[in-house]
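Engineer: Mind looking over this structure? Questions follow.
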Amino acid sequence: MTSHLATLKRALRTDLTSSLVVFLVALPLCVGVAVASGVPAELGLITGIVGGLVTGLLPGSSLQVSGPAAGLTVLVFTAVQEYGLPALGVIVLATGLLQLALGALRLGRFFRAISLSVVHGMLAGIGLVLIAGQLYALADHKAPGSGTANIAGLPGLAVDVLLSDPALIAVGIGAGTVVIMTLWKKLPGKAQLLPGPLVAVGAALAATAAFDLPVKRVEVSGLAEAIQPPALGDFGQLAQVGLLTTVIAFTLIASAESLFSAAAVDRLHDGPKTDYDKELMAQGAGNSLCGLLGALPMTAVIVRSAANVQAGARTKLSRVLHGVWLLLFAALLPGALGMIPTAALAGVLIHAGFKLLPVKELGPLWREHRGEAVVLVITAGAILVTNMFEGVLIGLVLAVAKSAWEVSHVHIETDDTGTGPVRVRIVGNATFLRLPKILDALEKLPHDRSVELNLAGLRHLDHACMSALQNWADQHNAHTVQPEHIPASA
């Protein structure tokens, strides 16, 4: 009994310290994601609070932490610009209800079937769009809008920065934030007890206050004022095809990001593993409440989750307590948000965007699985050129096409002794994708000799190939040996 109590006390102590670490990591990210999404900073804190107090209590994954994610920033910003802030609650609520339904139907595990190259391409595309947009916020400028417009406007932004002292100061603050976060990881372990993002934002805040620098700061409206539940009239926008498409994009991306994060977190600890269906329902419950509060959508976030595990968390208590600390901060110290320079938050998100780029993985992937690398790059580029939803769809279609091409290998063996019939054996998977190759090989056979076409080695013969081969055999009076599941014909 005594040993059990000692173990419990040790677990509570580690969960308490872990919760403080996660809180310090989550705080600048919650605020930064909200500002980058074009919504009040408090809405990011509300999503973080719900992620801790609601999703954190529910079964699924015991150690991963949920909150607003950089991966959805671009999508949220576009939705708010197109449909208005009141519609955000409707979109997030609908997303949450869809996630609840998918989890109840036990479809959570199927999200693991998404091609890894598409997921990495999606994250890379998000990272590129995030970096391109936040470079403007780094200089206290407003981004033009789409990914391509943001990239096209970068030369003009550079000129504006060089000609403006306030913009140069803002860039210095933001760049300093990135440098501190990068170097912080290289310090000894004990020095990293404080998270890099918090130290970097704290240093930027201190420098801005000490020298009264002329840079933009986070706009604060108060926690109660920021909560804007969707009105009944706002739900009428669900009749718009564009908004429904946005809901589907939110659902697919938030669910995939959460469940892939869960798989990554499971590899970091030896405790109970994730129940994917329950985790999807937990995310759905959290997003449903965030939607009712008019807040940002949530996902499980690998940065916070990894920090939670590495800090020694044992149970879900750590993530629940991190939500308590966020709530206390938002309620008791809201004025502190108004002192944070937006350029510093842009630096935090640029750093997060770079971490989404698979820089180290792309080289080995190109050497070992070139097709996967092509899918990754095209998915990322498609997201940059079009939008998140269309880019992911292009990536998925490309991945399916690549897989179909790879599994439809077919080998044609010809045995011609010079006398008697020419024997042709086709082995593998005969699909319409390989039909031109098959017919080209058959057309090169001698036309003045009989042919024996052996199809018994085919593992798969689709309708297009079967019809074409039967027609060829009929025209050339060829004798065919069919697979067992195909009716024989002469």
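Engineer: Any idea how many residues of the range 27-39 are part of a helix (DSSP H, G or I) and either modelled with pLDDT under 85 or open to solvent by 10 Å² or more (accessible area, probe 1.4 Å) (or both)? Break it down into steps so the answer makes sense when it comes.
Structural biologist: Of the range 27-39, the ones part of a helix (DSSP H, G or I) are 27-36.
Then drop every residue that is not either modelled with pLDDT under 85 or open to solvent by 10 Å² or more (accessible area, probe 1.4 Å) (or both), which leaves 27-29, 32, 35-36.
Adding up the residues that qualify gives 6.
Engineer: Of these, Ala441, Ala373, which one is touching a Phe, Trp or Tyr at 6+ places or on another chain (Cβ under 6 Å) and either closer than 30 Å to Ala132 by Cα or surrounded by fewer than 20 Cβ atoms within 10 Å (Cβ to Cβ) (or both)?
Structural biologist: Ala373
Engineer: Follow-up. Pick out, from the range 366-466, the helices (runs of 4 or more DSSP H) lying fully within it that include 1 or more residues that are of a type in the set (Ser, Thr, Tyr).
Structural biologist: Numbers: elements: 370-385, 388-407, 435-443.
In the range 366-466, 370-385, 388-407 are the helices (runs of 4 or more DSSP H) which contain 1 or more residues that are of a type in the set (Ser, Thr, Tyr).
Engineer: Filter the range 103-133 down to the residues that are open to solvent by 40 Å² or more (accessible area, probe 1.4 Å) and at pLDDT 90 or above and list them by number.
Structural biologist: Passing the criteria: Ala104, Leu105.
Engineer: Still on this structure, I have one more. Restricting the range 335-364 to residues that are free of Cβ contacts under 8 Å to residues at least 40 places away in the same chain and farther than 23 Å from Asp140 by Cα, which is surrounded by the most Cβ atoms within 10 Å (Cβ to Cβ)?
Structural biologist: Leu362
Engineer: Go through (1) within 26 Å of Gly395 (Cβ to Cβ); (2) in a helix (DSSP H, G or I); (3) in contact with a Ser or Thr (Cβ under 9 Å, 6 or more places away or on another chain) one by one and return the number of the condition Arg109 breaks.
Structural biologist: Result: Arg109 fails condition (3) only.
Engineer: Sticking with this one: Just give me the residues in the range 376-391 being open to solvent by 10 Å² or more (accessible area, probe 1.4 Å) and not hydrophobic (A, V, I, L, M, F, W, C), in sequence order.
Structural biologist: Scanning the range 376-391 gives Gly381, Thr386, Asn387, Glu390.
Engineer: Further question: Take the residues in the range 300-323 that are open to solvent by 30 Å² or more (accessible area, probe 1.4 Å) and assigned to a loop (DSSP other than H, G, I, E, B), then tell me which one is modelled with the lowest pLDDT.
Structural biologist: Ala311
Engineer: Then there's this: Report the residue count in the range 463-473 for those that are open to solvent by 50 Å² or more (accessible area, probe 1.4 Å) and at pLDDT below 85.
Structural biologist: Total meeting the criteria: 1.
Engineer: Another question about this same structure. Criterion first (hydrophobic (A, V, I, L, M, F, W, C), more than 19 Å from Ile340 (Cα to Cα) and at pLDDT 90 or above) does Leu5 satisfy it?
Structural biologist: no
Engineer: Also, quick follow-up: Looking at (1) among the hydroxyl-bearing types (Ser, Thr, Tyr); (2) over 18 Å from the mean Cα position of the chain (by Cα); (3) crowded, with 22+ Cβ neighbours inside 10 Å, which one does Tyr136 not meet, given that it meets all the others?
Structural biologist: (3)
Engineer: Those residues that are open to solvent by less than 10 Å² (accessible area, probe 1.4 Å) and part of a loop (DSSP other than H, G, I, E, B), I need them from the range 40-62; list them, please.
Structural biologist: Once the filter is applied, which keeps residues that are open to solvent by less than 10 Å² (accessible area, probe 1.4 Å) and part of a loop (DSSP other than H, G, I, E, B), the range 40-62 yields only Ser61.
Engineer: Residue under question is Ala11, and the condition is that it be modelled with pLDDT under 85 and among the hydrophobic types (A, V, I, L, M, F, W, C); does it hold?
Structural biologist: On the way: modelled with pLDDT under 85: yes; among the hydrophobic types (A, V, I, L, M, F, W, C): yes.
It is true that Ala11 is modelled with pLDDT under 85 and among the hydrophobic types (A, V, I, L, M, F, W, C).
Engineer: Quick one: which helices (runs of 4 or more DSSP H) lie wholly within the range 212-299 and hold at least 1 residues that are hydroxyl-bearing (Ser, Thr, Tyr), in contact (Cβ under 8 Å) with a residue 60 or more places away in the chain and open to solvent by less than 30 Å² (accessible area, probe 1.4 Å)? Spell out how you get there, then give the answer.
Structural biologist: Details: elements: 223-226, 241-266, 276-292.
It comes to 241-266, 276-292.
Engineer: Among the residues of the range 180-199, is there at least one that is hydroxyl-bearing (Ser, Thr, Tyr), surrounded by 13 or more Cβ atoms within 10 Å (Cβ to Cβ) and farther than 21 Å from Arg304 by Cα?
Structural biologist: Checked against the condition, which is being hydroxyl-bearing (Ser, Thr, Tyr), surrounded by 13 or more Cβ atoms within 10 Å (Cβ to Cβ) and farther than 21 Å from Arg304 by Cα, the range 180-199 yields no hits at all.
Engineer: In the range 433-444, which residues are touching a strand residue (DSSP E or B) at 6+ places or on another chain (Cβ under 6 Å) and modelled with pLDDT under 85?
Structural biologist: The one that is touching a strand residue (DSSP E or B) at 6+ places or on another chain (Cβ under 6 Å) and modelled with pLDDT under 85: Arg434.
Engineer: Has the range 89-97 got any residue that is over 18 Å from the mean Cα position of the chain (by Cα), over 16 Å from Gly242 (Cα atoms), among the small types (Gly, Ala, Ser) and surrounded by fewer than 24 Cβ atoms within 10 Å (Cβ to Cβ)?
Structural biologist: Among the residues of the range 89-97, not one is over 18 Å from the mean Cα position of the chain (by Cα), over 16 Å from Gly242 (Cα atoms), among the small types (Gly, Ala, Ser) and surrounded by fewer than 24 Cβ atoms within 10 Å (Cβ to Cβ), which makes the answer no.
Engineer: Mind checking whether some residue in the range 64-83 is in contact with a strand residue (DSSP E or B) (Cβ under 6 Å, 6 or more places away or on another chain), of a type in the set (Gly, Ala, Ser) and either open to solvent by 10 Å² or more (accessible area, probe 1.4 Å) or at pLDDT 90 or above (or both)?
Structural biologist: Within the range 64-83, one or more residues are in contact with a strand residue (DSSP E or B) (Cβ under 6 Å, 6 or more places away or on another chain), of a type in the set (Gly, Ala, Ser) and either open to solvent by 10 Å² or more (accessible area, probe 1.4 Å) or at pLDDT 90 or above (or both).
Engineer: Also: Identify, please: which residue in the range 408-432 is in contact with a strand residue (DSSP E or B) (Cβ under 8 Å, 6 or more places away or on another chain) and open to solvent by 90 Å² or more (accessible area, probe 1.4 Å) and is, among those, farthest from Leu458 (Cα to Cα)?
Structural biologist: Looking at residues that are in contact with a strand residue (DSSP E or B) (Cβ under 8 Å, 6 or more places away or on another chain) and open to solvent by 90 Å² or more (accessible area, probe 1.4 Å), I get Arg423.
The values are calculated or read from the model by the stated rules, or taken from the named source; none is laboratory data. Since the model is a prediction, treat every value here as computed from it, not as a measurement. When we count neighbours, we look across all protein chains shown, and the Cβ atoms used for this are built from the backbone with ideal geometry, even at glycine. In case anyone asks, the SASA skips ligands and DNA or RNA and just uses the protein heavy atoms, side chains included. Shrake-Rupley method; radii C 1.70, N 1.55, O 1.52, S 1.80 Å.
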